[in-house]
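*Asks:* Quick one: structure below, then a few questions.
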Amino acid sequence: MKKMPITKRIAVTMRGFSILKQYCPGLAQGKAMYELINSIQPFVSIWFTAQIVNEISSQRRLKTILLYIFGIVLINAFCALLKSIIHHVCNEKESQMWSWFGKIFSDKQMSLDFVDLENAAIQHQKQEAEENLYMFGNGLAQLFWGISALVRTLVLILLSLAMTVSLFVSSSGNRLVDHPVWILIVLACIVIGGLSKSKATISENDVFMEYCKNTVWFNRVFMFFGKELYMNSEKAKDVRIYNQNTVAEKVLDKLMQHERDNQSDITKMALYPAVAQVIIGMANGVCYLFVGIKALFGAFGVGNIVQYVAALSRLGEGLQELMYLLSDNEVYCTHLQNLFEYLDLPNHMYQGSLTVEKRDDNEYYVEFRNVSFKYPNTERYVLRDVSLKFKVGEKLAVVGMNGSGKTTFIKLMCRLYDPTEGEILLNGVNIKKYDYHEYMSIFSVVFQDFRLFSFSLGQNVSASATYDRERVIECLKKAGFAERLKALSEDLDTILFKDIAADGVEISGGEAQKIALARALYKDAPFIILDEPTAALDPVSEYEVYSKFNEIAGAKTAIYISHRLASCRFCDKIAVFHEGEILQFGSHEELLAEGNGKYCQLWKAQAQYYTT
Ligand code: ADP
């Protein structure tokens, strides 16, 4: 693993803490406070115990001994009370930690340019950061878990140092025993113990990192074959019919073997700490020997042996822990850095600042001026030199064969993508110059592949946690959902689907389309766009929905997309798309009059199915 410079590590760690503070407020601070009390408490006991033993082995004053006992009991009781309160508050917060972590990713996904949601490299980056965090706690969770150890270690080192100073300055009267070289020997032993522990930890971590890398990949493939292919009922049909499980099982067998090989690496990890423990034991032995000899020569009372032995061993533990924390910090900084690279992905879409002009005369117009477009990372133009102008308030139908570019045309108009060439204008101003969110707010779109979510019916229609119930009901009625609504026991509070609620209601494709229409109506935007949302319906039902929608759309600008021409003939203007180009543009009558045009051809071809 490439080493990260210490300054960078400090910056990354600080940013990690500020993210924890932002998304999990109070959690890190609570954990630090708990550990501070927890770490100081044993030292208080060590100090009081040493005083009691000294008193018993010297003057034996009962009052003084009782005072020490009272002190130890009182302080321990107070610490226990404080710890218990903080522990409970922290536990509550910690149980929500993973949900808060999830919000970090969802916030970023929401702020990404739409085009990046289809960028495989970016989505892979997100998946990797997420898997590392959720499967192993790598990065943010490690940082959080490390807080206790960091506070404990700092307290341990400071207090044990303070308690060992008198070991070196007290005099036994023997020149050999009091020689300053002992300070160096004892410190060297403590440092050797610390180093061996740290070395073991680094080696352990290296093996673990390799294991994580392989396991994340293993898990992804396993999830795909095990969960997606076998358990997803849509895919399971094909798997069963074409017997594709034999291919999947071969891959899984290979992966299992790979995983077994990894397991043997994991067992190697146990060896490193065992060797380190032997070295630490020997180093501690030398320190204890020094304390014993000094006491034997009368440098301090018997009670202080307890204090020094305990403090020295804690100092050793503190240094070991510090080394461990430093190497651990290096590991989680790498993961945090990966997470930050994802969180720092820039938005490339130009963000304008113009407000969308509110005009009383409704005299808006939209213009596509020589627009060509190819999807990111593809070479083929799916729209070519599209020019079209229509007035707001008009009803526009976009017709054409599947794949002719109709949906792409809408996506560009809603600024989900920017044109590769040319420009789109609203009232003569390039749409890029408008404030992005304000511009988006003027569109209500029912996409062909619209999605409803596992929220309540009311929340689905209003796209909001709180909403105007009357207006939601009104929109559902307009969309033709009135009858079904009556049958729902929880009314607007009925949860859709069973993802989060066992009593959620499953709805049919037709019902879902009506709810999606109601959602578009509730938004009450000046533009309303229907992108073949009725594709699953038969032509007659589709015609009903469209003609009704024309009535509902009223003065709004309505854009209908369909490959069924009968549904669109009542529109003011019809744009005929073919292989990414606009072949014809005009009213139904005008286009029919162009006897040899594409529209006339399509019309005749489709009409024969409906004439009876
Ligand atoms: P229509 O709505 O007329 O059926 P689309 O606008 O959906 O057509 O698609 C036009 C062309 O663009 C099709 O060839 C389709 O395969 C391609 N296409 C659509 N979406 C994407 C995408 N996200 N990435 C790459 N190509 C796409």
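*Asks:* On a 0 to 90 degree scale, rounded to 10, what angle separates helix 27-56 from the longest Cα axis of the chain?
*Replies:* 10
*Asks:* Then there's this: Can you work out the FRET efficiency for the pair Gln601 and Lys389, with r the C-beta to C-beta distance and R0 = 35 Å, to the nearest 0.05?
*Replies:* Working: r = 25 Å, r/R0 = 0.72.
Between Gln601 and Lys389 the formula returns 0.90.
*Asks:* Right, something else. Provide the net charge surrounding Trp145, with neighbours chosen by a C-beta distance below 15 Å and charges set as Lys +1, Arg +1, Asp -1, Glu -1.
*Replies:* Values: positive: Lys31, Lys93, Arg152; negative: Glu35, Glu94, Glu321, Asp328.
Counting the neighbours of Trp145, the net charge comes to -1.
*Asks:* Still on this structure: Rank Phe447, Asn460, Ala479 by how far each Cα sits towards the positive end of the charge dipole of region 433-484 (+1 on Lys, Arg Cβ; -1 on Asp, Glu Cβ) and give me just the farthest.
*Replies:* Going by the charge dipole, the pick is Ala479.
*Asks:* Heavy-atom accessible area of Phe497 with all protein chains present, probe 1.4 Å, nearest 10 Å²?
*Replies:* Ignoring ligands and nucleic acids, Phe497 comes out at about 40 Å².
*Asks:* Any chance you could give the angle, 0 to 90 degrees and rounded to 10, that helix 302-343 forms with the longest Cα principal axis of the chain?
*Replies:* It is inclined by approximately 20 degrees.
*Asks:* Further question on the same structure: Compute the length gained on full extension between Glu423 and Ala162: take 0.36 nm times their separation in residues and subtract their Cα-Cα distance, giving the result in nm to one decimal. Let's see the in-between values first.
*Replies:* Numbers: separation 261, 0.36 × 261 = 93.96 nm, distance 7.25 nm.
Between Glu423 and Ala162, full extension yields 86.7 nm more.
*Asks:* Dividing the alpha-carbon radius of gyration of region 365-609 by 2.2 N^0.38 Å (N being the number of residues), what value is obtained? The partial results should precede the final answer.
*Replies:* Working: Rg = 18.7 Å, N = 245, 2.2 N^0.38 = 17.8 Å.
Region 365-609 yields a ratio of 1.05.
*Asks:* Report, in deg cm²/dmol and to the nearest 500, the calculated mean residue ellipticity at 222 nm for the chain, where each DSSP H run with n ≥ 4 adds -39500 (n - 2.57) and the sum is divided by the residue count. Don't skip to the answer; put the middle values down first.
*Replies:* On the way: 21 runs with 374 residues, N = 612.
Taken over the chain, the calculation gives -20500 deg cm²/dmol.
*Asks:* OK, next. Rank Met256, Ala299, Val278 by how far each Cα sits towards the positive end of the charge dipole of region 256-333 (+1 on Lys, Arg Cβ; -1 on Asp, Glu Cβ) and give me just the farthest.
*Replies:* Farthest towards the positive pole: Ala299.
*Asks:* Of the cross-linked pairs Lys108/Lys432; Lys108/Lys411; Lys254/Lys498; Lys477/Lys598, which ones have a Cα-Cα span greater than 32 Å in the structure shown?
*Replies:* Details: Lys108/Lys432 22 Å; Lys108/Lys411 21 Å; Lys254/Lys498 35 Å; Lys477/Lys598 38 Å.
Over 32 Å Cα-Cα: Lys254/Lys498; Lys477/Lys598.
*Asks:* Need the list of aspartates and glutamates near Lys63 for cross-linking: C-alpha distance under 12 angstrom, and skip anything on the same chain fewer than eight residues off.
*Replies:* Lys63 reaches Glu55.
*Asks:* Rounded, prolate or oblate: which fits region 61-177, taking a ≥ b ≥ c as square roots of the Cα gyration tensor eigenvalues, rounded meaning a/c under 1.5, else prolate when a/b beats b/c?
*Replies:* On the way: a/c = 6.26, a/b = 2.29, b/c = 2.74.
Here region 61-177 falls in the oblate category.
*Asks:* Around Leu27, under 9 Å between beta carbons, what's the net of Lys plus Arg minus Asp minus Glu among the other residues?
*Replies:* Details: positive: Lys21, Lys31, Lys93; negative: Glu94.
With Lys, Arg at +1 and Asp, Glu at -1, the net is +2.
*Asks:* How big is the Kirkwood radius of the chain, worked out from every pair of different alpha carbons and given in Å to one decimal?
*Replies:* 31.0
*Asks:* I want to check the label-to-label distance for Leu74 and Glu210. Put each point 7 Å from Cα in the C-beta direction and report it in nm to one decimal.
*Replies:* So the label points at Leu74 and Glu210 sit 5.8 nm apart.
*Asks:* Pairs of alpha-carbon atoms within less than 8 angstrom and 6+ residues apart define the contacts here; what relative contact order does the chain have, in percent?
*Replies:* Values: 788 pairs, mean separation 87.2, N = 612.
Computed value for the chain: 14 percent relative contact order.
*Asks:* Top to bottom by accessible area (1.4 Å), largest first, where do Thr407, Thr201, Thr420, Thr267 land?
*Replies:* On the way: Thr407 40, Thr201 5, Thr420 65, Thr267 95 Å².
I get Thr267, Thr420, Thr407, Thr201, largest accessible area first.
*Asks:* What is the dipole size for the chain, taken about its Cα centre, with +1 at each Lys and Arg Cβ and -1 at each Asp and Glu Cβ, in debye to the nearest 20? Can you show the working numbers first?
*Replies:* Numbers: 63 positive and 67 negative charges, 420 e Å.
Dipole size: approximately 2020 debye.
*Asks:* In addition: Sort Leu565, Leu354 from largest to smallest accessible area, using a 1.4 Å probe on the heavy atoms of the protein chains.
*Replies:* On the way: Leu565 0, Leu354 80 Å².
The ranking, largest first, comes out as Leu354, Leu565.
*Asks:* At 1.4 Å probe size, with no ligands or nucleic acids counted, give the accessible surface of Trp47 in Å², nearest ten.
*Replies:* Estimated to the nearest 10 Å², Trp47 gives 110 Å².
*Asks:* Still on this structure, please answer the following. Accessible area of Thr49, 1.4 Å probe, to the nearest 10 Å²?
*Replies:* Estimated to the nearest 10 Å², Thr49 gives 60 Å².
*Asks:* Sticking with this structure for a sec: By accessible area of protein heavy atoms, probe 1.4 Å, what ranking do Tyr599, Tyr467 get, highest first?
*Replies:* On the way: Tyr599 0, Tyr467 45 Å².
Listed by decreasing accessible area, they come as Tyr467, Tyr599.
*Asks:* Turning to a different aspect of this structure: If you line up the long axis of helix 469-478 against the longest principal axis of the chain, both from Cα atoms, how many degrees apart are they, to the nearest 10?
*Replies:* It is inclined by approximately 40 degrees.
*Asks:* Could you calculate the FRET efficiency of Gln29 with Ser84 from 1/(1 + (r/R0)^6), where r is the beta carbon distance between them and R0 is 25 Å, rounded to 0.05?
*Replies:* Once the sixth-power term is evaluated, E becomes 0.90.
*Asks:* Hey, another quick one. Which value in nm describes the separation of the simple spin-label points at Val278 and Gln123, placed 7 Å from the Cα toward the beta carbon?
*Replies:* A separation of 5.3 nm, rounded to one decimal place.
*Asks:* Would you mind finding the longest exposed-site-free stretch of the chain, with exposed trypsin sites (Lys or Arg not before Pro) meaning DSSP loop and at most 11 other Cβ atoms within 10 Å? List each step's numbers first, then the result.
*Replies:* Values: sites that count: Lys2, Lys3, Arg60, Arg61, Lys358, Arg359, Arg380, Arg451.
Within the chain, the longest run free of exposed trypsin sites (Lys or Arg not before Pro) spans 62-357.
*Asks:* Roughly how many Å is it from the Cα centre of region 266-285 to that of region 296-353, as a whole number?
*Replies:* 20
*Asks:* Suppose R0 equals 51 Å. What FRET efficiency, 1/(1 + (r/R0)^6) with r the Cβ-Cβ distance, do Lys477 and Asp238 give to the nearest 0.05? Don't skip to the end; give the middle numbers.
*Replies:* On the way: r = 40 Å, r/R0 = 0.79.
It comes out at approximately 0.80.
The values are calculated or read from the model by the stated rules, or taken from the named source; none is laboratory data. No experiment lies behind these values; they were computed from the predicted model shown. Note: ideal-geometry Cβ built from the backbone for every residue, glycine included; neighbour counts use all protein chains shown. For accessibility, only protein heavy atoms count, side chains too; no ligands or nucleic acids. Shrake-Rupley method; radii C 1.70, N 1.55, O 1.52, S 1.80 Å.
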